[in-house]
Amino acid sequence: MEGLLGGFAVALQPGNLVFCFAGAFVGTLIGVLPGLGPTAAIAMLLPLTIGLDPVSAIIMIAGIYYGASYGGSTTAILVKIPGEAQSVVTCLDGYKMAQQGRAGSAIAIAAIGSFVAGTVGALAIGLISMPLVEFAVRFGPAENLALLLLGFIVILVLAKGNVVKSLIMICAGLLLSMVGQDVITGQPRFTLGIPELADGFGVVVVAMGIFGLGEVFDNVEKFRTRDMQAVPVGSLMPTKEDLKRSSMPILRGSVLGFLIGLLPGGGATLASFISYGVEKKFTKHPEEFGNGAVEGVAGPEAANNAGAAGSFIPLLALGLPGNPVTALLLGALIVHNVTPGPLMIQERPEIFWGVVASMYVGNVMLVLLNLPLIGVWVQLLKVPYRALYAALILFMIIGAYSLNNNPTEVLLLLVFGVLGYVLRKLSFDTAPLILAFVLGGPIEFNLRQTMMLAREPVEYLMGRPIALTILAFALLLIVLPMFSAVRQKLMVARAVNEL
Amino acid sequence: MIRPADRVRHRLGGAAGILCGLVGAFASMQLPLGNARLLGPGAVPLVLSLAMIGLSAAMLLRPAKPEPADEEDGGLHGAAMVGIVVLLIAAFGFLLTRIGFLLSGGLLMYGLYAIGEERVLSLGALVKAVLSMIAAYLLFVVALSVNMPAGSLWGYY
């Protein structure tokens, strides 16, 4: 708790409060725009933080994350367009509530749920981080490699759509991360003789191109079919009945979301989906689910916020990003010369605890700032996308140029933007690519170090019980779904035979 | 029911993966591969490239599965709009250091707004472009001290 209090001392410094506020505000502004979620918002706004000191930069990025998530929920409720996957569930009942004239109530419940979950998340991080870090300082290259592989396998298990396509994306991301100097020998690789590629592709340009510009291109293509009709907000005060029915789903969602967020590949999206399922089981009004049940908004909104907080733990304590947003945060930390991992809490406590405390401060700001501004966000939704997209593009290309004051970065941004657009058109999920790109360097480094250390690989692995346990867990994750799929097929076959 | 567009996407995706894998494998083999204990710079990329070829081939050989329907596909018109936006950004990248941020940015913004209005000549787009560039200059160059180039063509870059 001492660390958390120190974190509040950092987060509540006037300068950091301003950056947290700016991040939450601009994040909401971008998050409210349909089709742009937290990942795109962070990718677009990363260059803004380059000149800041690391603590302020990370606090601002965390603010952008929460702001954009909150903005995404607002559009999910008002126009049934989720900012990102984590708000999809909110559409189901949130939009129905809005159609019944209860949009204000739905938005207020979402804000209260997010706030409670943020509080639970910040406290839980304070409790869990230290024991986890004490365990993680025993990690060597083999354990790090096993952990990174586990992360990839969880991503694969949870990947949406085709697993083969996700694997192709992982290979592509790893290959992209290998452009530039070799991590061990320093020899240039795949640079095509272009001096700007000697240091490899910057994570900001890759993420901004694939997530941000790619998303804008996708929306440009749909100018003609895009038509938004926001419903009236109504009163922002939830009824007593709404508050009563929301209290337990919010608490359940907070705990459940946090625990799911801890898993690599977990995070906000999975948390919101599972919470919705749980609330559907617990409710006394199952018939209302899908027709405007307030529990269907309260639980998932709390869960996705707590899941986001939980997903910060593997990132900050182990240096392991579990989802695209935390992968971008990892990139941002690296840009600011901060290496997340077990040693970060000891060496840079102000960053670790400052970020944890700023999550809480950010949530308070979102409630205080955004509830009165809902009218403004609704007005923003009425501005046609064809007028807004030009400003977004200008924002991104200035951001890319300002990284190194080099127009080549703008052209690289364009190349990755086109790549992101094409991959969307070919129905590839771009999230595994970014995760692999960010993790590519550490994976190759740890793999080659492990190979150097291990004269007899099997014997070496037997002497590393932690690495062995992690790998066994990873194997289990691959085998279990196969086993249950085979069992399901056998059951179907038996049922058909009996018929 | 698999739509013909899904089948084309599936095949294109597989073919593109194989092509990228082949290029990656060829480029990796130009680098030292090392041995099992001391992996060279080309070893890991080579394994990844071969994996990519294998996975893409497997994808190509398996029948396409129906993808979630893209309810808002913009068709050829939409793709053409994207193409023009790409060309405008590329032109901005090439012109930025030559004619400076204000002019190249102004041209880009005019083009983007004109595309939004679906008209080549538009007074509204011109006004919006000028206002956007003034706002961008005040925000980025004056307030945030971002060094945007003034343009070598004018002799003072």
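Every number here is computed from the coordinates shown, using simple stated rules; none is lab data. If you're wondering where the values come from, they're calculated on a predicted model, not measured in any experiment. Quick reminder, even Gly has a Cβ in these numbers, built from the backbone with ideal geometry, and neighbours come from all protein chains shown.
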Q | Rel. contact order, % - alpha carbon contacts under 8 angstrom, at least six apart, chain B | A | 19
Q) Percent relative contact order of the stretch B:75-154, based on C-alpha pairs within less than 8 angstrom and at least six residues apart? A) 38
Q | Footprinting exposure proxy for A:Ser177, A:Ser114, B:Ser132 (fewest neighbouring C-beta atoms within 10 Å first) | A | B:Ser132, A:Ser177, A:Ser114
(Q) With the cut-off at 1.5 for a/c, could you classify the protein assembly as shown from its C-alpha gyration tensor as rounded, prolate or oblate? (A) rounded
Q) Across chain A, where is the longest run that never hits trypsin sites (Lys or Arg not before Pro) in a DSSP loop with at most 15 other C-beta atoms within 10 Å? A) A:285-454
Q: Be a star and scan the stretch A:47-69 for residues whose amide nitrogen sits under 19 Å from the point 7 Å along the Cα-to-Cβ vector of A:Val376.
A: A:60-61, A:63-69
**Q.** B:Tyr137, A:Tyr95 arranged by Cβ crowding within 10 Å, fewest neighbours leading
**A.** B:Tyr137, A:Tyr95
Q) Within 10 Å of each Cβ of A:441-448, how many other protein chain Cβ atoms are there on average? A) 2
Q: Scan chain A and note any complete DSSP helix (H) whose C-alpha atoms cover at least 24 Å along its axis and whose Kyte-Doolittle average is 0.0 or more.
A: A:14-32, A:54-79, A:103-136, A:141-158, A:240-262, A:295-313, A:349-382, A:385-404, A:407-425, A:431-453, A:465-498
(Q) Using amide H atoms built in the peptide plane, which far-off residues or other-chain residues are under 5 Å from A:Gln181 H to H? (A) A:Arg189, A:Gly200
(Q) At a 10 Å Cβ-Cβ cut-off, how would you order A:Trp377, A:Trp353, fewest neighbours first? (A) A:Trp377, A:Trp353
Q: Classify the stretch B:4-61 as rounded, prolate or oblate from the Cα gyration tensor: take a ≥ b ≥ c as the square roots of its eigenvalues, call it rounded if a/c is under 1.5, otherwise prolate when a/b beats b/c and oblate if not.
A: prolate
(Q) For peptide B:29-38, what's the mean number of Cβ atoms from other chains within 10 Å of each residue's Cβ? (A) 3
Q | chain A, relative contact order in percent, only Cα pairs under 8 angstrom and at least six apart counted | A | 27
**Q.** chain B: C-alpha gyration tensor shape, a/c 1.5 cut-off, then a/b vs b/c
**A.** oblate
Q | Under 17 Å from A:Lys165, Cα to Cα: lysines that are on another chain or at least 8 residues apart | A | A:Lys425, B:Lys65
Q | Average partner coverage of B:124-136, which counts Cβ from other chains inside 10 Å | A | 1
